[in-house]
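Colleague: Structure provided below as structure tokens; questions to follow.
The values are calculated or read from the model by the stated rules, or taken from the named source; none is laboratory data. Please read all numbers here as calculations on a predicted model, not as lab measurements. With ideal geometry, Cβ positions are generated from the backbone for all residues, glycine too; neighbour counts draw on all protein chains shown. The protein model used for the area step is the full one, side chains on, heavy atoms only, and it has no ligands, DNA or RNA in it. Shrake-Rupley method; radii C 1.70, N 1.55, O 1.52, S 1.80 Å.
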Amino acid sequence: MAILLIAEHDNALLKSATLSTVTAATQIGGDIDLLVVGNGCAAAADAAAKVPGVRKVLLADNAVYDHEIAENVAALIKEIAADYSHILAPATTNGKNFMPRVAALLDVGQISEIMSVESADTFKRPIYAGNAIATVQSLDAVKVITVRGTSFDPAAIEGGSASVESLSQVTDTGLSRLVSEELAQSDRPELTTAKIIVSGGRGMGDKAHFEMLETLADKLGAAVGATRAAVDAGFVANDYQIGQTGKVVAPELYIGVGLSGAIQHLAGMKDSKVIVAINKDEDAPIFQVADYGLVADLFEAVPELEKSL
Ligand code: FAD
């Protein structure tokens, strides 16, 4: 067995989701090769070579892979897939973009967001917004799998000494190109890797009041998240959204303020270690998953909390 793992990186370093995917690959067993694809990403390949358990790093460093255009990345993976029994990528926005294309090009089914490895062909994954866990066995010759980062501990970043091999083939499908990109700038931790998250819902009322949570988060060194209702109401940008159609998080501490705990929101945060809820409605479903619940008006409780911090 040999596993091809597509690394998520920022051209210099590997993202934590990649390291969690390495752990999943290790549990499957077999040789693990990391593909680092991008434009100007040689440093990320060097970082990948240091991850223990990696046999070799394949580097595809070319302008056609700038911003990891999914069509080009998928075509490249298809070209090198023949040597592998498994193809793994983190279930991040990027992974969710190119992996279904890889599965389609290889004419196999994708196994999405695995949470555990039962054996080399059998995995557990959430269905119905995380309300049930399916055990899925794949009979496909090549298993195309995305991995839920929060379900696997990250692998170490030092200790390995894999070789780095540059790939000569360049696949430009010409199907799409990046026109522009607008990136939200923030000094706060990234949502999916933050240890503490302060999250707000529709109960925050408006954009100006939502800023209360940002101040609180800064005091706690936390990331800020939101429900879909808060995003749809324009309180915050949509990259804040946590849930079934947003990000999946599992911080040490999740503080949910003015959010009801709809199942689609719980799907993205119920694996948090400690959940604190502030809601004025004592029957709000969030209290069913909360370790600490405060029935209070958030406009009194949050300033009080901030003051004591
Ligand atoms: P509400 O349910 O309106 O809750 C607001 C809460 O604030 C209430 O419990 C209220 O008691 C409390 N409150 C109000 N004022 C105060 C106050 N002054 N002090 C204290 N508490 C107060 N939702 C997500 O979050 N993420 C997703 O990814 C997602 N994906 C979805 C996918 C699909 C296909 C569908 C159909 C829905 C999805 N949703 C998602 C939407 C989800 O169903 C809920 O509508 C949403 O999560 C509700 O957001 P909320 O809790 O902020 O709002």
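Colleague: Do any trypsin sites (Lys or Arg not before Pro) in the stretch 1-70 lie in a loop, going by DSSP, with at most 14 other beta-carbon atoms within 10 Å of their beta carbon, and if so which? Walk me through the numbers on the way to the answer.
Modeller: Values: sites: 15, 50, 55, 56; in loops: 15, 50, 55.
Answer by residue number: 55.
Colleague: From the mean inverse distance of alpha carbon pairs (Kirkwood) and the Cα radius of gyration, derive Rg over Rh for the chain. Could the numbers behind the result be given before it?
Modeller: Numbers: Rg = 20.6 Å, Rh = 20.5 Å.
Looking at the chain, the ratio lands at 1.01.
Colleague: With the calculation restricted to Cα positions, what are the radius of gyration and Dmax of the stretch 196-308 in angstrom?
Modeller: Considering the stretch 196-308 through its Cα atoms, Rg and Dmax are 12.2, 35 Å.
Colleague: Run the numbers for residue 79 and residue 50: contour at 0.36 nm per residue of separation, minus the present Cα-Cα distance, in nm. All intermediate terms of the calculation are to be shown ahead of the outcome.
Modeller: Values: separation 29, 0.36 × 29 = 10.44 nm, distance 2.55 nm.
Extending this stretch completely gives an extra 7.9 nm.
Colleague: Where both residues lie in the chain, what percent of DSSP beta bridges are antiparallel, nearest 5? If you can, show how the numbers build up before the last one.
Modeller: Values: 10 of 56 bridges.
Roughly 20 percent of the DSSP beta bridges within the chain come out antiparallel.
Colleague: Also, quick follow-up: With everything on Cα atoms, drop me the angle between helix 93-106 and the longest principal axis of the chain, reported from 0 to 90° to the nearest 10.
Modeller: On a 0 to 90 degree scale, this one is about 40.
Colleague: Okay, next question. Work through the residues other than residue 178 whose Cβ is under 10 Å from its Cβ and net out their charges, Lys, Arg +1 and Asp, Glu -1. Don't skip to the end; give the middle numbers.
Modeller: Details: positive: 177; negative: 66, 68, 181.
With Lys, Arg at +1 and Asp, Glu at -1, the net is -2.
Colleague: Which net charge results for the neighbourhood of residue 235, defined as the other residues with beta-carbon distances under 14 angstrom from its beta-carbon, given Lys and Arg at +1 and Asp and Glu at -1? The partial results should precede the final answer.
Modeller: Numbers: positive: 202, 207, 228; negative: 206, 211, 214, 232, 239.
It works out to a net charge of -2.
Colleague: With a cap of 15 neighbouring Cβ atoms within 10 Å, and only residues DSSP puts in a loop, list the trypsin sites (Lys or Arg not before Pro) found in the stretch 170-228.
Modeller: Details: sites: 177, 195, 202, 207, 219, 228; in loops: 177, 195.
Here the sparse-neighbourhood loop sites are 177, 195.
Colleague: Also, I was wondering about something else. Sum -39500 (n - 2.57) across every DSSP H segment of at least 4 residues in the chain, then divide by the residue count to get the 222 nm mean residue ellipticity, nearest 500. Each step should come with its number before you reach the end.
Modeller: Details: 9 runs with 87 residues, N = 309.
Helices in the chain give a 222 nm mean residue ellipticity of -8000 deg cm²/dmol.
Colleague: On the full set of protein chains, 1.4 Å probe, figure out the accessible area of residue 153 and give it in Å² to the nearest 10.
Modeller: The accessible area comes out at roughly 120 Å².
Colleague: Still on this structure: If I model a spin label as a point 7 Å beyond the Cα along the Cα-Cβ vector, how far apart are those points for residue 264 and residue 280 in nm?
Modeller: 2.5 nm
Colleague: If you average over every viewing direction, what projected area does the convex hull of the Cα atoms of the stretch 2-166 give, in nm²? Each step should come with its number before you reach the end.
Modeller: Details: hull surface 33.4 nm².
That works out to 8.3 nm².
Colleague: Same structure, new question: Just subtract the alpha-carbon distance of residue 66 and residue 168 from 0.36 nm times their residue separation and send over the number in nm, one decimal. List each step's numbers first, then the result.
Modeller: Numbers: separation 102, 0.36 × 102 = 36.72 nm, distance 1.62 nm.
Full extension from residue 66 to residue 168 adds 35.1 nm.
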